[in-house]
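What follows is calculated from the coordinates using simple rules that are stated; it is not laboratory data. Model, not experiment: these values are computed from the prediction. All Cβ positions, even for glycine, are placed from backbone atoms using ideal geometry, and neighbour counts span all protein chains on display.
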Amino acid sequence: MTRLGAVFRPQLPPERLRALARLADEAGLEELWLWEDCFLEGGISTAAAALAWTERLRVGVGLLPVPLRNVAVTAMEAASLHRMFPGRPILAVGHGVQDWMGQVGARAESPLTLLREHLGALRALLGGERVTTRGRYVSLDGVALDWPPDGPVDVLTGATGPRTLRLAGQSADGTVLTAGTPPEGVRRARRLIDEGRREAGRTGQPHQVVVYLLTATGPDAAARLHAELAHEGHADVPDLGVAGDAGAVAKAVERLVEAGADTVVLQPTADEPDPEAFIHFTAQEVRPLLP
């Protein structure tokens, strides 16, 4: 079954999260996704709050920038969420936006090496292992969580470039793709992820792909979509984003699923005039049209 979610964009003030999370839970939305974009809202703090305010909603963070985080802290926070809200948190880590990382003095000379080391240590810690490692960026000396998750949990990573997509297949349990990824881009990403899985001997393990879909509905939907695509430099990319009613959005979701997505997360435009209506639209109008 296709999993469907929606984004709470951090351009909204954090005090609006409670009402939107509760609405998503009541409306039957499967997943609400949050971002840890600099310098807006913290990913773990908002995820913990959203999980506490809801009963069944899964809450994703896509993504936590690894240059900002010691891996032991990431593991402690992730494990706490998974133990308090079993089966509901979804956490992804990634490079982060390099300009932002530079602003805070955390830009790594080799982002790929940092992400590889972070993923390896994080998955081991969440798996209950005691970890000693001396890497270029990640160093741990006999570190183990006192309260690891009660069972296996997935660690996802954000990826765009070929090397990071292959690393995702080698070292992560899933991949998050940005809203700048059209269906053909999803197919390409799946091929590169599968190359990494084969290289690491992980072809027998499932690997979920989450894709954001820039979505506009209601009055001026086409104009709002075009404006955001132009702002992001994607105006000329075919089959990117969708504007229209529930039927049009459902067809766009299906195209991404056919290309290899497991979960599609509808991302409203930054100027979405009614975030509450967008949540309701996703859960009550689009979801029934999908398998």
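For the chain, adding -39500 (n - 2.57) for each run of n ≥ 4 DSSP H residues and dividing by the number of residues yields -12500 deg cm²/dmol at 222 nm. In the elastic network of the chain, a GNM with C-alpha springs shorter than 10 Å, the most mobile of Phe85, Phe281, Phe39 is Phe39. Taking every alpha-carbon pair in the chain and binning the separations at 5 Å intervals from zero gives 1, 6, 12, 16, 19, 18, 14, 8, 4, 1, 0, 0 percent.
Computed about the Cα centre, the dipole magnitude for segment 3-208 is approximately 540 debye when only Lys and Arg (+1) and Asp and Glu (-1) carry charge, each at its Cβ. Label sites at Thr203 and Gln11, each approximated as a point 7 angstrom past Cα along Cα to Cβ, lie 4.4 nm apart.
By how many nm would the segment from Ser80 to Ala19 grow when fully extended, if each residue of separation counts as 0.36 nm and the alpha-carbon distance is taken off? Don't skip to the end; give the middle numbers.
Working: separation 61, 0.36 × 61 = 21.96 nm, distance 2.37 nm.
Full-extension gain reported as 19.6 nm.
Relative to the longest principal axis of the Cα atoms of the chain, the long axis of helix 246-259 lies at roughly 40 degrees.
To the nearest ten degrees, helix 111-126 and the longest principal axis of the Cα atoms of the chain are 80 degrees apart. When DSSP beta bridges are restricted to pairs lying wholly in segment 134-291, around 5% turn out antiparallel.
In this simple spin-label approximation, Glu109 and Glu285 carry label points 7 Å from Cα along the Cα→Cβ vector, and these lie 5.3 nm apart. Annotation: for a label point projected 7 angstrom from Cα along Cα→Cβ of Val237, residues of segment 192-210 with backbone N closer than 16 Å are 210. Report, to the nearest 10°, how far helix 221-231 tilts away from the longest principal axis of the Cα atoms in the chain, using its own Cα long axis and a range of 0 to 90°. Around 40 degrees separate the two axes. Residues of the chain were split at every exposed loop site, defined as trypsin sites (Lys or Arg not before Pro) in a DSSP loop with at most 13 other C-beta atoms within 10 angstrom, and the longest piece left, sites excluded, is 137-291.
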